[in-house]
Amino acid sequence: MGNVRPETVKRIAHELIRRYPDRFSSDFAENKKVVLSLTNIPSTKLRNRIAGYITRLVALSHQE
């Protein structure tokens, strides 16, 4: 079974990847810093979920 992520996390992550495709990598720690610099999300938990989802998307796109 897969992970269930809220639509908010997916929407923000896809928008960030669409706007800044070259800023993200498959490194979670680096993506956390990038999400922090590009957004003003006050919740650390939400920021980490977005960064984790972006990391997964980038890693999957590199496998193909």
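Things worth noting here:
- Considering only alpha-carbon pairs that sit under 8 angstrom and 6 or more positions apart, the relative contact order computed for the chain is 41 percent.
- Of the DSSP H helices in the chain, those with a Cα length along their own long axis of 20 Å or more and a mean Kyte-Doolittle hydropathy reaching -1.0 comprise 44-63.
- Residue-normalised accessible area of the chain, expressed per residue, 1.4 Å probe, Å²: 73 Å²
- Checking (i) 4, 18, 30, 23, 16, 8, 1, 0; (ii) 3, 19, 34, 26, 13, 4, 1; (iii) 4, 16, 22, 19, 15, 11, 8, 3, 1, 0 against the coordinates, the calculated P(r) over Cα pairs in 5 Å bins from 0, in percent falls under label (ii).
- Local electrostatic count at Lys32 - Lys and Arg +1, Asp and Glu -1, tallied over other residues with Cβ under 14 Å: +4
The values are calculated or read from the model by the stated rules, or taken from the named source; none is laboratory data. Source: prediction; values computed, not measured. Every residue, glycine as well, gets a Cβ built from its backbone with ideal geometry; the counts of neighbours run over all protein chains shown. SASA here: full protein model, heavy atoms, side chains in, ligands and nucleic acids out. Shrake-Rupley method; radii C 1.70, N 1.55, O 1.52, S 1.80 Å.
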